[in-house]
1. Working carefully through the options Phe47, Phe105, Phe55, find the one that is more than 27 Å from Leu24 (Cα to Cα) and not β-branched (Val, Ile, Thr).
2. All but one of (1) farther than 19 Å from Phe45 by Cα; (2) at pLDDT below 90; (3) not basic (Lys, Arg) hold for Ile122, so report the exception by its number.
3. Quick one: is Ile42 at pLDDT 85 or above and either loosely packed, with under 13 Cβ neighbours inside 10 Å or assigned to a loop (DSSP other than H, G, I, E, B) (or both)?
4. If you scan the stretch 75-95, which residues turn out to be among the polar types (S, T, N, Q) and either closer than 17 Å to Ala51 by Cβ or free of Cβ contacts under 8 Å to residues at least 24 places away in the same chain (or both)?
5. Being modelled with pLDDT of 85 or more and either over 16 Å from Asp46 (Cα atoms) or not in a helix (DSSP H, G or I) (or both) narrows it down to one of Ile98, Ile112, Ile94, so name that one.
6. Within the stretch 13-39, track down each residue that is at pLDDT below 75 and either exposed (fewer than 14 other Cβ atoms within 10 Å of the Cβ) or out of contact with any helix residue (DSSP H, G or I) (no Cβ under 8 Å at 6 or more places or on another chain) (or both).
7. For Leu67, which of the numbered conditions (1) without any contact (Cβ under 8 Å) to a residue 60 or more places away in the chain; (2) outside the structural domain of Arg134 (by TED's automatic domain parsing) fails to hold?
Amino acid sequence: MAETVDQSIAPRKPRSLVVRSIYLLLGLICLVFALMSWLPLIPTFDFVILAAFFFSRSSDRLHNWMLNHRWFGPIINGYRESGLTMRMKWVAAIAITISLGFSVFVFVDSKILRKILGVVYIYAIWFVFSRPTRQIAAEADIA
């Protein structure tokens, strides 16, 4: 049975059709990247969560589809209900470090852009580790 989003906790959709269209486009782009996650260095989790966020702001139908999808649904619901496992946090931190570090040292020549990317890096790492930590079943039994 398809589950719908509780409107009392759902984010408010922008009134502007242009803004909702941009959110829809960003959601579709993130979904494509999530589907390409079999390629090296492309994470699944990040793009699934981002796509769900963008769809929640643009399309109830696509948001509900993601929540009920057999692969995407458990990722989104697990994140919403109990946060990230410590392993997920470290994998995300390593991926952020590699991708931003590679960008800073290979693609960016501007000192200003490097400083901006440094601030983005600090914020991204803080954001990942400030999320609630979910205990996996084996860890919960030991503790």
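1. The conditions single out Phe105.
2. All conditions are met except number (2).
3. Spelling it out, it is not the case that Ile42 is at pLDDT 85 or above and either loosely packed, with under 13 Cβ neighbours inside 10 Å or assigned to a loop (DSSP other than H, G, I, E, B) (or both).
4. Selection gives Asn77 alone.
5. That would be Ile112, the only listed residue that is modelled with pLDDT of 85 or more and either over 16 Å from Asp46 (Cα atoms) or not in a helix (DSSP H, G or I) (or both).
6. The answer is Trp38, Leu39.
7. The single condition Leu67 does not satisfy is (1).
Per-residue answers, yes or no, for (1) more than 11 Å from the chain's Cα centre (by Cα); (2) closer than 22 Å to Arg134 by Cβ; (3) not small (Gly, Ala, Ser):
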site: Gly27; (1), (2), (3): no, no, no
site: Phe55; (1), (2), (3): yes, no, yes
site: Ser59; (1), (2), (3): yes, no, no
site: Trp71; (1), (2), (3): yes, yes, yes
site: Gly83; (1), (2), (3): yes, yes, no
site: Arg87; (1), (2), (3): yes, yes, yes
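The values are calculated or read from the model by the stated rules, or taken from the named source; none is laboratory data. Note that this is a predicted model, so its numbers are computed, not measured. So basically every Cβ, Gly included, is an ideal-geometry build from the backbone, and we count neighbours across all protein chains shown.
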